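To start, the structure under review is shown below, and the notes come after it.
Any read-out appearing in this document is the output of simple, stated calculations on the displayed coordinates, not a laboratory observation. Small disclaimer: the values here were computed from a predicted structure and weren't measured. For neighbour counting, all protein chains shown are included, and Cβ atoms are generated from backbone atoms with ideal geometry for every residue, glycine included.
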Amino acid sequence: MPNCPNCGNKEALPTRTFNVIVEPSKGERGMAERRVGMYTCSKCGTKFPTVISKQRYLIVAEEQLKAIQDELSSVKKGNEELTAKVQGMAEQQREMETSMDKAAKENDMKRLQEKLAELEEFVGYLRKEKGELEQKASRLR
Ligand SMILES: [Zn+2]
């Protein structure tokens, strides 16, 4: 909401709007289109303009625009290919993680089997000990 330059009153709605094309000033490129609103202060009646919005236009040769559009579409295509590659890599990573999990589980299983074999051996040893002790005991009776 612009303020009245005379009394500072805020005005919400312009009485009318129009577009102005502004030629570039020195050092600027392209044309600028400005949407201007004319306001009339409801307190003191001062009429004042305010720029509502600006749009800048660059003048580009048709061939140049075509070249830019072509480049943009090839960049887009390259980007799509990269995205597909990244997705493929993510998939491979998941597969690797799955097979690593499997390998880790197999390794755990192997260790457990080794432990079981050790335990079985120990149980065998204890049985043998027990047998010997029983024999000793029966001799003492
Ligand atoms: Zn005013």
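Before moving on, here are some points about what is shown:
- For the stretch 1-133, the relative contact order comes to 14 percent (Cα pairs under 8 Å, sequence separation of at least 6).
- For the chain, calculated [θ]222 nm from helices alone, where every DSSP H run of n ≥ 4 adds -39500 (n - 2.57): -21500 deg cm²/dmol
- Compared with the dominant Cα axis of the chain, that is its longest principal axis, helix 62-140 is turned about 20°.
- Rg followed by Dmax, in Å, when the stretch 1-59 is reduced to its Cα trace: 14.0, 43
- Placing +1 on the Cβ of every Lys and Arg and -1 on the Cβ of every Asp and Glu, with no other charges, gives the chain a dipole of roughly 900 debye about its Cα centre.
- Only Lys, Arg, Asp and Glu carry charge here, each on its Cβ (+1 for the first two, -1 for the last two); on that basis the stretch 60-133 has a dipole of about 380 debye about its Cα centre.
- Rg over Rh [alpha-carbon atoms, Kirkwood Rh] for the stretch 1-113: 1.50
- Radius of gyration and Dmax over the Cα atoms of the stretch 70-141, both given in Å: 30.9, 105
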